[in-house]
Amino acid sequence: MSRVGKQPVLLPSGVSFKLTGREVTVSGPKGTTSYLCPTGVDVAYDQGSKLVNVTRQNDSKQARANHGLTRALIANMVKGAAQGFERRLEIYGTGYNCKLIGKALHLNIGYSGRRRGVGAQFEIPVPAGVEVTVEKDAARGDSEPASLVIRGCDKQCVGEFAAQIRALRKTEPYKGKGIRYKGEVIKKKQGKAVTTSS
């Protein structure tokens, strides 16, 4: 028996659960998400106790894998509908900044227009169901990094969009310039030492 899969999921107040065939829909104050359960597992909802139980139909390798996976995904859907998920990013570098213009995030992260073949800024459309807030737009020469927050009820969408932004300019190990998660530790390298003749 899966240690994760056998644990029931408790629905907090304000969150509703709907099961249509194999499709699970969870709604709450932060949004609505849906998930099509894989074969080999069954989902049952007890409306009285507000508990969701996931069981597997057999002990095959795929059913055992889907058992814990399905329970974990439903638990994330419930948490996302009730509280939501967020990822915080920080942008380090002189002149590096970010702005939210309409439904697009504009990043200036040190690439020239000639090198990229387009404008010097990245323009990334914000996907549906994801909210982006620019907490600090660092001015040129400001020692504090620019920072932004990505929020949403779908954990996968929030994490994937944050990873997409971070991959545009990963933090380099010498001066620490680039995009990183808040709290991420960057192991810095020492540059080449300059030797002078006596």
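For residue 72 and residue 100, a Förster radius of 35 Å and the Cβ-Cβ distance give a FRET efficiency of 0.65, rounded to the nearest 0.05.
Fully extending the segment from residue 190 to residue 49 would add 44.9 nm, taking 0.36 nm per residue of separation and subtracting the current Cα-Cα distance.
Local charge sum around residue 153 (other residues, Cβ-Cβ under 13 Å, Lys/Arg +1, Asp/Glu -1)?
Taking every other residue near residue 153 into account, the sum is +1.
Remark on residue 135: its backbone amide H falls under 5 Å from those of 147, 148, 149, a criterion applied only to residues 5 or more positions apart or on other chains, H modelled at 1.01 Å from N. Using the Cβ-Cβ distance between residue 22 and residue 135 with R0 set to 41 Å, the FRET efficiency works out to roughly 0.55. A simple spin-label model places pseudo-atoms 7 Å from Cα toward Cβ; at residue 58 and residue 112 they are separated by 6.3 nm.
Suppose a student asked you for the relative contact order of segment 1-159, using Cα pairs under 8 Å spaced at least 6 residues apart; what percent would you report?
Relative contact order for segment 1-159 comes out at 22 percent.
Other residues lying with their Cβ under 12 Å from the Cβ of residue 31 contribute a combined charge of +2, Lys and Arg counting +1, Asp and Glu -1. Within the same chain, lysines fewer than 8 places from residue 177 are excluded, and of the rest, those with a Cα less than 28 Å from its Cα are 99, 103, 136, 155, 187, 188, 189, 192.
With the dipole of the chain worked out from charges on the C-beta (+1 for Lys and Arg, -1 for Asp and Glu) around the Cα centre, which of 57, 185, 67 lies farthest toward the positive end? Most positive-ward Cα: 185. For segment 41-83, trypsin sites (Lys or Arg not before Pro) are listed when DSSP marks them as loop and at most 16 other Cβ atoms sit within 10 Å of their Cβ; the list is 50.
Taking a point 7 Å from the Cα of residue 181 along the Cα-to-Cβ direction, the residues of segment 78-107 with backbone N closer than 16 Å to it are 85-91. Restricting the trypsin sites (Lys or Arg not before Pro) of segment 1-36 to loop positions (DSSP other than H, G, I, E, B) with no more than 14 neighbouring Cβ atoms within 10 Å leaves 3, 6, 22.
Only the coordinates and a few stated rules stand behind these numbers; no lab work does. Keep in mind the model is a prediction, meaning the values are calculated, not measured. For neighbour counting, all protein chains shown are included, and Cβ atoms are generated from backbone atoms with ideal geometry for every residue, glycine included.
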